[in-house]
Each structure stands twice: as structure tokens, then as C-alpha cells.
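Please read the structure below before turning to the comments.
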Ligand code: PLP
């Protein structure tokens, strides 16, 4: 669909005058004269107001799994809006798409994860997790179990609870976070924090920190461990072999709930419906969002185990929690259609057997670049580490943490949207990205590294 004829300079002016975009430095935005205005998109390509076509190596914000321009999703939304645009799930009511989506998600989650609580965003899903877990323990007669163990550099959202559960140090001073009852331990970031260590030994060491912290806090005070299967916003950190199994065993040993945040990794990203299925662990709670509706409408969910729900039912109390948009019927109808598309087009299998391996092979072409310290990927999510000295993990002196954004800006100029996270460039394209587009993505990164090198040195 062609974009409407927008007055882009005027929109950028209004953006500076009136709009406060998310996660932004407002002085910088004012200096550069406002945000880049994205006007339309198709497949894996976005178009900005200046008419530039940009290959979207980030699937929007890690979410447009089925790609842009899906008429079926538009129709699903329109039909649901006509029939019933809104009804809530408070006060013993529900709507058909909401209930059907819960059942569909239970089928995809499998095992004991047979119940679903809806929210509108990933952050809200993690707020739900915190309240639900603490409520569960109080009903079980262990009200002291309130502490969540999370990891440094984790991302679990931007609400008070989400950003507190997250371990992004720069987010914590804003709003006086973290809220009490959250303990942060080491992340499984081998390239940065275990460069010369054996992979399994490193995984064992960082998992051991979780057990050490449980013992320090007192197991009787610990409610849950939460972790992203693969850290996304932290820089696409793929945990070492054996890590997740060890974490699961530690949680079992101390009777602690395991929460696996699948907000990015759900819905095919790693070549399985959910990332925990790839790592062979069984969580008790699974927050998910983004790929649930491929970002077409805001919706999130928390998969909850039957064991937890049994305690809630036995307790016979009210879970006094929920949002106006919990189980929004239009968002649920779009999510159902989105899942149908993923199934019909075999996108999960495509990531596992075709696009994922092709992406991993293509990434290897960057390994020879003098600035590349490591490439890594799992399914269709990946990262390139930028280093000052080949063969090491040394960063550019005086520019530590800045190489990613510098190379990202060059990539965007060259027609590719990626994220620059500290000293890495990360990718998370739509699951429909073609082989030719993967090649183009890698070529642009290679070219942009060369072009950006003088600005890094
Ligand atoms: N959890 C993870 C792993 C995420 O990556 C994000 C967002 O990027 C969130 C939670 C928060 O989701 P939202 O931005 O929809 O609130």
C-alpha cells in the first residue's frame, strides 16, 4: 500500500514540539530536528518519510515475526471490531477470541503450562508475574517467599516492576529503582565476562552464582528466578551449553519457581514455538508478547502452570489484578490469526531448518573482518561483537560501549535497520526474511564496519 502524502518536515517539527518518544534523549532529538518518520512497510522492508527503503533487520522492535503488510491480520481486526470491538475480562466475562487464544497458547506451551493470563505489553506481563508469584506463595502458606532473583543486564520491561526485575543499571536511577525484593546475579555473557573460560565451566560458574545467592538470601525467602531464554536488549546473549539445565536444577532443589521470559524468543524466533523448548527446560511461568501478534496490536500473556493454578483455586481468593485491556478481543483475534499464519507457512520449521542455518552461515562471512571479535546466532536472532584488537575482547579506548551505535547509524544510512547495543550490532529480522535479504543484511554490516572504522579509532 502506498503511503499517504505526509508533510514530513511538519511532522518532524511537531515531533520535537509535542511528542516524547520512548527511551529517548530529548535534547538530542531536538538537536537532530526530530525522529525519523516511518510511513509504511511491506514484507521485511520499512520506508521512511524521505522515501528511503530500509531492510528491517530488527522486525520492528523484535516483534514483526510474520512481516509487514499482512491483509489477513487487517481483516481479522476489522471483523472483530465490527462484531465486538471491546469487552473486558473482569467480573466473570470473557470474549470468544480471548478464550480461543488461551486454549491455543496452552496447546503451543504444552505440558503443565495450561493456563494463560492476558495483558497488553511485555512489561505488564512481568508485573503480572511478580504479583501472581507472590500471591501464590502467600496462599501456599509461605508468605516470606517474596524475593526474585534476576540477572544483571537483563531486560524485563519498563514499568516499575519490569525495570526492577531487569538488570540494566542505567535504568535503575530513573524512578528510584529497583523496588525491594529483587536480587541481581551474573549474566551468562561469555564474550564479555568469561572470554578465556571453557564454555561449560563458565556456564556452571554463573549458574552457581544463583545458588550462592539463594543460600545468602535464605531459600525460605526466595520466590522465583526470572531470565530471558536468550537476552535480547542486553545484546543477544546466548547462554552457554548446560546453563539452563543447571538453572532449572537449582530452582527444583530449592523449590523456587522458574520464570522464563519469552517476550522476544517466543513464536518461532529460535526455531521452536518457545525458546525453553529449545533448551529442554520446563518453566512454571512464561511471559510472552511481541511475536504473539507480530506487533500488529498490543497484547501479551503469561503462561501459568497447572500446579500454580491449583493453589490459586484451592485458596479460593480473588486475584485482585488485571488490566482494562487484559484479553482485548481485537488483539486476541489478531494474535489467533497471526498464529494461524505461522502454522500454515511453517515459519517455526523454516527458522529451524532453513532461514536460521542460512543466517548462521552468512554471519560467518563477517568473522574475517578485523573489527569483528565474534559472531553468534540462534535461529533468527544474532549479534556481531566489535573489538579494537582481533582475537581479543578489547574495545576501542575512550569509545567503550559506543561502537554498536556508531556502526548502527552507518548501517541505517546504508539501508539496513539494526540495533547497536554497546559494542555489538544485533539483528532480529522477520521470520519471513529471504535468503537474498539475509545476504544483503550481512553485506551492509560488512560494508558499514569498514566505513565506520575511522570513527571508531
Ligand atoms: N521482556 C523482554 C525480554 C523484552 O525484550 C521486553 C521488551 O523488549 C519486555 C519484556 C517488555 O515488553 P514491552 O516493551 O512490551 O513492555
Q | Test set (1) under 19 Å from the mean Cα position of the chain (by Cα); (2) within 16 Å of the ligand (Cβ to nearest atom) - residue 116 fails condition number | A | (2)
Q) Is segment 95-112 home to any residue that is farther than 30 Å from residue 425 by Cβ and more than 27 Å from the chain's Cα centre (by Cα)? A) yes
Q: For residue 66, work out the one condition from (1) under 27 Å from the mean Cα position of the chain (by Cα); (2) in a loop (DSSP other than H, G, I, E, B); (3) at positive phi it doesn't fulfil.
A: (3)
Q) Is segment 300-319 home to any residue that is within 20 Å of residue 380 (Cβ to Cβ) and under 16 Å from the mean Cα position of the chain (by Cα)? A) no
Q) Would a scan of segment 90-103 turn up a residue that is away from the ligand (no atom under 16 Å from the Cβ), within 23 Å of residue 345 (Cα to Cα) and in a loop (DSSP other than H, G, I, E, B)? A) no
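Looking at the structure I just gave you, is residue 149 buried (at least 24 other Cβ atoms within 10 Å of the Cβ) and either without any contact (Cβ under 8 Å) to a residue 12 or more places away in the chain or away from the ligand (no atom under 15 Å from the Cβ) (or both)?
Answer is yes for this residue.
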(Q) Given the condition within 13 Å of the ligand (Cβ to nearest atom) and either under 12 Å from the mean Cα position of the chain (by Cα) or surrounded by fewer than 24 Cβ atoms within 10 Å (Cβ to Cβ) (or both), answer yes or no: does some residue in segment 239-259 qualify? (A) no
Q | Output for segment 3-43, where each listed residue is touching a helix residue (DSSP H, G or I) at 6+ places or on another chain (Cβ under 9 Å), closer than 21 Å to residue 57 by Cβ and not in a loop (DSSP other than H, G, I, E, B) | A | 39, 41, 43
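Since every read-out is calculated from the coordinates, none of them should be taken as a lab result. From a predicted model like this one, the values you see are computed outputs, not experimental measurements. Note: ideal-geometry Cβ built from the backbone for every residue, glycine included; neighbour counts use all protein chains shown.
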